[in-house]
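What follows is a single structure, written as structure tokens, with notes after it.
Every read-out reported here was derived from the displayed coordinates using simple, explicitly stated rules and does not represent laboratory data. Here the structure is a predicted model, which is why all the values come from computation and not from measurement. Counting neighbours? That spans all protein chains shown, and the Cβs are built from the backbone with ideal geometry, glycine included.
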């Protein structure tokens, strides 16, 4: 068992270094003072002396730290801390924040405004000034109008209001499940806009697990819908902390998160969050104190229970749900039909042992050993694909796909290719066959993401 240490040892060995890590240097008495008497107290049950007082520049107390030895459950000191901050409030313009600490655990206390909560570390002076600004200037999210130039669909408005209701009821985390194509990016930007105009968030972080999603959030989200708010993308080699809107990959954030204080961000949005609740990435979610919004397009019944629990959805239901089926019923999405046209060779591959005697002899005449031939179906497209096969595939697609209103051109059709090179070959063959339609196809690819060829109306 760990050695028990006194309160004085706890402070010197554990709590003092934790304070200094957050910029509260004990030698700087303009920031920190130890054992400050509080007027108006009898000797019992407490001695009327705070363990630490953390000050703002004008000399007012920003926060009080109540320290206990490691063997004591520090939550039992909440009543003592409450009396201290309410007494100090009588002598200045606001009620100070509070921390309960025993070297192992730290709780943040905002007496009269929110329940205490465990935090990863002490907040900086800048963090506390920011929280004080929000406390003094925030208005209810429900009182702020939603910008229809950003979100103009009723279900997007409902998603924003449901989030507002959850946070108004004391939740610190919420989960939004919306089908792909229903405007998660727009809804997110609408949410951010409401938070900022309500003065409930001043520094906001958007997190995704792929570069493309991060760039989309910054360029097609922040810069398009919130052009007056300064934004940046965080990178390991470029930590610009002067902006209001930030975007970052989860992988980068996992490498740099400890360079921020736990309260640096007021609101954190995790895109495709069902992929984030595992391994070291869970540490990122737990480190930051800001309120969190999880986003995903994965159907709710496919999301694991850990994701629901991580976002305080203990009943297995997301904070807001807009399903693919509902989007189709409402006319915002169109259902798809999947047509799979594959030859026997494409399905089964080619193996020498399956060839006829005639085919084996033909290979031998060319100096090839039939028994060395063993192609999986997928390998055919990567290594043996030929233009004649591609022409037959396009002929079949053209014949069976849905047509536009003229009945002559294909409707929007997605063809999944094996590789980027395969997609480019498909496009080349298409234009050989249909040169009269020079702008009908487009290759879309992003590193390991499957290449798509999309035919437009």
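In segment 104-132, which residues have a backbone nitrogen under 20 Å from the label point lying 7 Å from residue 5's Cα in the Cα-to-Cβ direction?
Of the residues in segment 104-132, 104-107, 119-123 have backbone N under 20 Å from the label point off residue 5.
Residue separation times 0.36 nm, minus the C-alpha to C-alpha distance between residue 133 and residue 21: what's the value?
Net length gain for the segment: 38.0 nm.
Per q in 0.10, 0.13, 0.19, 0.21 Å⁻¹, report the Debye log10 I(q)/I(0) for segment 7-137, using one uniform scatterer on each alpha carbon and no solvent.
-0.27, -0.47, -1.10, -1.39
Would you please put 310-320, 4-14 in order of how densely packed they are, using the mean number of other Cβ atoms within 10 angstrom per residue and starting with the highest?
Result, highest mean Cβ count within 10 Å first: 310-320, 4-14.
Label points 7 Å out from Cα along the Cβ direction at residue 117 and residue 403: separation in nm?
Label at residue 117, label at residue 403, 5.9 nm between them.
Within 10 Å of each residue's Cβ, count the other Cβ atoms and sort 244, 117 from fewest upward.
Neighbour counts put them in this order, fewest first: 117, 244.
Note the full-extension length gain between residue 283 and residue 256 as 0.36 nm times their separation in residues minus their Cα-Cα distance, in nm to one decimal.
Extending this stretch completely gives an extra 8.5 nm.
Treat segment 207-325 as a sphere of radius equal to its Kirkwood radius over Cα pairs and apply Stokes-Einstein at 4 °C in a medium of 1.567 mPa s; give the translational diffusion coefficient in µm²/s, rounded to a whole number.
Roughly 86 µm²/s, to the nearest whole number.
Rounded to the nearest 0.05, what FRET efficiency do residue 35 and residue 236 have when you use their Cβ-Cβ distance and R0 = 45 Å?
0.60
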